[in-house]
Amino acid sequence: MKKILSMFALVTMLGLGFTGNTFAEDAAPVADAVATQTAPAADAAAIPATEVAPAEAAPAAAPAPVPNKGDTAWMLISTVLVTLMVIPGLALFYGGLVRQKNMLSVLMQVFMIFSLMAVLWTIYGYSVAFTGGSQFFGGLSKAFLAGITPDSLGATFSKGVYIPELVFVGFQLTFAAITPALIVGAFAERMKFSAILLFMAIWFTFSYLPLAHMVWYWDGPDAITDAASLETVVANAGWLWAKGALDFAGGTVVHINAGVAGLVGAIMVGKRIGYGKEALTPHSLTLTMVGAALLWVGWYGFNAGSNLEANGYAALAFVNTTIATAAATLAWSFTEWSLRGKPSMLGAASGAVAGLVAITPACGFVGPMGAIVIGLLVSPICYFFVAKVKYWLGYDDALDVFGIHAVGGIFGALATGVFVNPALGGAGVVDYVANGVAAYDFGAQMTAQVYAVVTAIVLSAVVSFIAFKIVDVLIGLRVSEEAEREGLDTSAHGERAYHN
């Protein structure tokens with residue numbers, strides 16, 4: 001418990017250290033509020049057929065909006081790309097990093113988590129995340145996807161532009177699936193398979209869904225026509241969206257959320273047998289490189305797809321994803337080269353993932369030069385946590401989920417608040433009342449970003465701790481020493497990844 005508290009204090013200091021602001025009671029100005037994902041607007045009502053009215057009758061109703069086919073096609077492709085990130089991308093990336101006797105166990109964990117989350121998302125997850133309720137938790141009006149048909153429409157970030165709601169449901173399903181799957185890397189090679197699945201169901205329900213609602217839920221741009229309507233939208237929106245927090249594609253919802261859960265799990269499950277005493281080296285950096293490459297490719301759907309439209313902002317997110325990741329790969333490799341004498345493939349892959357994580361909340365808000373700076377800075381920070389802090393504090397985060405995803409997500413969320421500034425080449429924050437870019441306010445924006453970071457840390461930490469305790473009481477967290485020494489491939493699944 002002392003280790004958990006020490007890490008939370010360190011992470012909070014990291015978050016606060018990038019800005020001189022303290023928590024303010026005032027939210028970011030409501031005129032500066034911008035969507036970073038959007039809940040679909042209400043279904044467009046069908047126009048019933050009626051008899052022809054006399055010429056002097058009231059004007060005919062405006063035609064129902066029609067989804068843009070180009071946007072729809074792009075979002076379907078983006079959904080496929082994010083699926084590629086998980087299976088096989090993340091599975092191979094993690095699988096290559098564990099020992100040979102645990103390869104299939106990691107593949108199975110990722111594969112099954114994706115499947116479990118897909119079902120839970122459809123039953124109640126989408127409704128809880130993207131319908132109205134409170135500022136912290138949605139409702140169940142769309143449980144089992146009730147009322148959602150091929151004709152249902154979802155809003156984008158442009159007024160009058162829509163995509164099919166089912167496309168949005170499917171796209172967000174992949175986000176809900178990859179986030180819990182990221183966590184397993186922290187306690188790889190020693191946790192019960194049944195315990196993992198039960199933990200993920202609890203954590204998804206009480207950590208992922210509320211945070212997704214708080215950050216991404218709002219009524220859509222067409223609901224904003226003047227200052228009064230904006231106040232109504234803000235009042236109905238998720239808590240962090242209403243404060244003006246910017247998270248384009250999941251720096252808080254996905255990466256900080258998963259990274260903190262991974263840290264709690266690594267501490268509560270305990271260290272691997274032999275940790276610090278014997279070599280626990282990756283069995284196939286070849287597969288890790290393949291997985292990292294698939295993650296990079298799939299991340300274009302993750303980031304550029306989060307724009308929900310095939311336009312210039314999607315292109316901005318696409319380009320920023322490439323150059324921030326490239327800069328982070330270089331920065332990690334040169335940092336390692338200078339400190340250890342040789343650049344490694346593992347370091348290059350780790351740097352790429354750190355860059356992808358850091359640019360995720362910023363990709364649609366910052367300019368290309370800001371993206372390069374974010375990539376160059378995030379790798380030395382994550383390297384420090386992976387190579388130094390983990391060993392100083394003595395926790396066994398097997399695949400560095402906390403050191404890369406949580407730390408990289410914290411840095412990226414705070415850097416978003418800095419580099420969104422148009423004076424630094426950023427795209428600025430949309431003012432939907434004036435239909436233009438709002439004036440940039442550093443203090444208000446950074447305060448909103450800190451609110452989001454701290455909320456994600458606290459929510460994930462508390463839910464994770466309680467969820468692990470529940471699972472431990474019900475079925476236990478850890479496999480037996482004999483099963484761990486044998487390897488989870490055979491002891492848990494009765495299979496082997498390789499046969500001589």
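Of note:
- Theoretical gain in end-to-end length, THR149 to ALA228 [0.36 nm per residue, Cα-Cα removed]: 25.3 nm
- Ligands, DNA and RNA are left out, and with a 1.4 angstrom probe the accessible area of the chain is 38 Å² per residue.
- Accessible area of the chain belonging to carbon and sulfur atoms, whole % at 1.4 Å probe: 67
- Between ASP472 and TYR391, the simple spin-label model (points 7 angstrom out along Cα→Cβ) gives 2.8 nm.
- At full extension, TYR498 and ILE123 could sit 131.3 nm farther apart than now, given 0.36 nm per residue minus the alpha carbon distance.
- Near GLY95, once Lys and Arg are set to +1 and Asp and Glu to -1 for all other residues with Cβ below 14 Å from its Cβ, the sum equals 0.
- For the Cα trace of the range 271-365, dividing Rg by the Kirkwood Rh returns an Rg/Rh value of 1.10.
- Once divided by 2.2 N^0.38 Å, the Cα radius of gyration of the range 96-229 becomes 1.24.
- A straight Cα-to-Cα reach below 30 Å connects LYS271 with the lysines LYS2, LYS3, LYS101, LYS192, LYS342, LYS388, LYS390, LYS469, residues fewer than 8 places away in its own chain not being considered.
- Rounded, prolate or oblate (a/c below 1.5 giving rounded, otherwise prolate when a/b exceeds b/c) for the range 284-437 by Cα gyration tensor: prolate
- At R0 = 22 Å, FRET efficiency that the Cβ-Cβ distance of LEU140 and ALA235 yields, to 0.05: 0.55
- Net charge, VAL161 excluded, C-beta distance under 14 Å - Lys, Arg +1, Asp, Glu -1: -2
- Reach of LYS159 by Cα under 28 Å, taken over lysines that are not fewer than 8 positions away in the same chain: LYS69, LYS142, LYS243
- Calculated P(r) of the chain - Cα pairs past 29 Å, %: 47
- Quotient of the Cα radius of gyration of the range 259-311 and 2.2 N^0.38 Å, N being its number of residues: 1.75.
- Per-q log10 I(q)/I(0), the range 209-314, q = 0.10, 0.22 Å⁻¹ (Debye; single scatterer per alpha-carbon; no solvent): -0.51, -1.24
- Over the range 370-486: Kirkwood hydrodynamic radius from C-alpha pairwise inverse distances, Å: 17.4
- Nearest 10 degrees, 0 to 90: helix 165-183 Cα axis against the chain principal axis: 20
- Ellipticity at 222 nm from helices only: DSSP H runs of n ≥ 4 in the chain, each -39500 (n - 2.57), divided by the residue count, give -17500 deg cm²/dmol.
- In the chain, the longest principal axis of the Cα atoms and the axis of helix 69-84 are about 10 degrees apart.
- The simple Förster model, with R0 at 25 Å and r as the Cβ-Cβ distance, assigns ALA423 and MET345 a FRET efficiency of 0.05.
- Three-way shape label, the range 57-141, alpha-carbon gyration tensor, a/c 1.5: oblate
- Scaling the Cα radius of gyration of the range 388-449 by the globular reference 2.2 N^0.38 Å produces a ratio of 1.60.
The values are calculated or read from the model by the stated rules, or taken from the named source; none is laboratory data. This one's a predicted model, so the numbers in the text were calculated from it and none came from an experiment. Cβ: placed from backbone, ideal geometry, glycine included. Neighbour counts: every protein chain shown. These accessible areas exclude ligands, DNA and RNA; they are computed on the full protein's heavy atoms, side chains included. Shrake-Rupley method; radii C 1.70, N 1.55, O 1.52, S 1.80 Å.
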